[in-house]
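Beneath this line is the structure, given in structure tokens, with notes to follow.
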Amino acid sequence: METLKKQVGIKAAEFVTSGMIVGLGTGSTAAFFVEELGRRVAEEGLDIIGVTTSNETSKQARRLGIPLKSIDEVDEVDLTVDGADEIDAELNGIKGGGAALLMEKIVATYSKDYIWIVDERKLSDHLGTFKVPVEVIPYGSQHVFRQFEKAGYAPTWRFVSTDSKEKLLTDMNHYLIDLHIKEIQSPEKLAAELDLMVGVVEHGLFNQMVKKVIVAGHDGIRIIE
Ligand code: 5RP
């Protein structure tokens, strides 16, 4: 699996050229992309500016010597490359398994081009196998949780680890509630419903935002667009 992730990470880096402002995703697959960019910066003089999507990616990029700016310091991002947790045939996706969905969605929104890099296990007919993460303001979040229970979305809190009862705080100091809906009939309707809920900051449904998906499988790499 690590080899597949590395292959797509390196493939995506081929779309990056000097002069670009590049959105750097979060997670184990995106880390291979960032690593490859760092190698090119050091060895080939690749001249880019990175915009990161989490504290974890900022740390990695700094270690690799990739110059960084925040999203507010740039007019737009030329290309963002990120991982994903589940993708359907219409290129709707679920993200946020690594708790970085809010910064990831903001950076993706202000990117001219947006690519996901995944291994083929992430492709599915209908979204919902992966739980939909919802980022909520801590104040009043117990009430938001109850709304989800009433709606039948089988919510669970995201904790700092599986054997902990301490709620995870995101990089933006919010909580995460994961919804286990199993088969999402309409990602658009669910996104619209979540967008309207008081206390919800953002959710992990990334509906038709991506332009290209680079998929690694045991038969090689293919691009879906
Ligand atoms: C982080 C994310 C990640 O991109 C997603 O969870 C995929 O991660 P990985 O490549 O480790 O499977 O959305 O919030």
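The values are calculated or read from the model by the stated rules, or taken from the named source; none is laboratory data. In this text the structure is predicted, and so the values were computed from the model without any measurement. Please note: Cβ atoms are built from the backbone with ideal geometry, for glycine as well, and neighbour counts cover all protein chains shown.
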* Structure fact -> Taking the range 185-212 and keeping only residues that are hydrophobic (A, V, I, L, M, F, W, C), away from the ligand (no atom under 16 Å from the Cβ), in contact with a helix residue (DSSP H, G or I) (Cβ under 7 Å, 6 or more places away or on another chain) and part of a loop (DSSP other than H, G, I, E, B), one is left with Met197
* Given (1) without any contact (Cβ under 8 Å) to a residue 60 or more places away in the chain; (2) not in a loop (DSSP other than H, G, I, E, B), where does Gly19 come up short, assuming only one miss? -> (2)
* Asked: Out of all the residues in the range 17-30, is one or more at positive phi and within 14 Å of the ligand (Cβ to nearest atom)?
  -> yes
* To do: Could you check, for the range 105-116, whether at least one of its residues is assigned to a loop (DSSP other than H, G, I, E, B) and either under 10 Å from the mean Cα position of the chain (by Cα) or more than 11 Å from the ligand (Cβ to nearest atom) (or both)?
  => yes
* To do: Please enumerate the residues belonging to the range 138-168 that are within 24 Å of Ile184 (Cβ to Cβ), of a type outside the set (Phe, Trp, Tyr) and surrounded by fewer than 18 Cβ atoms within 10 Å (Cβ to Cβ).
  => His143, Arg146, Gln147, Glu149, Lys150, Ala151, Gly152, Ala154, Thr156, Leu168
* Filter pass, Glu86 being at pLDDT 95 or above and more than 25 Å from Pro133 (Cα to Cα) -> no
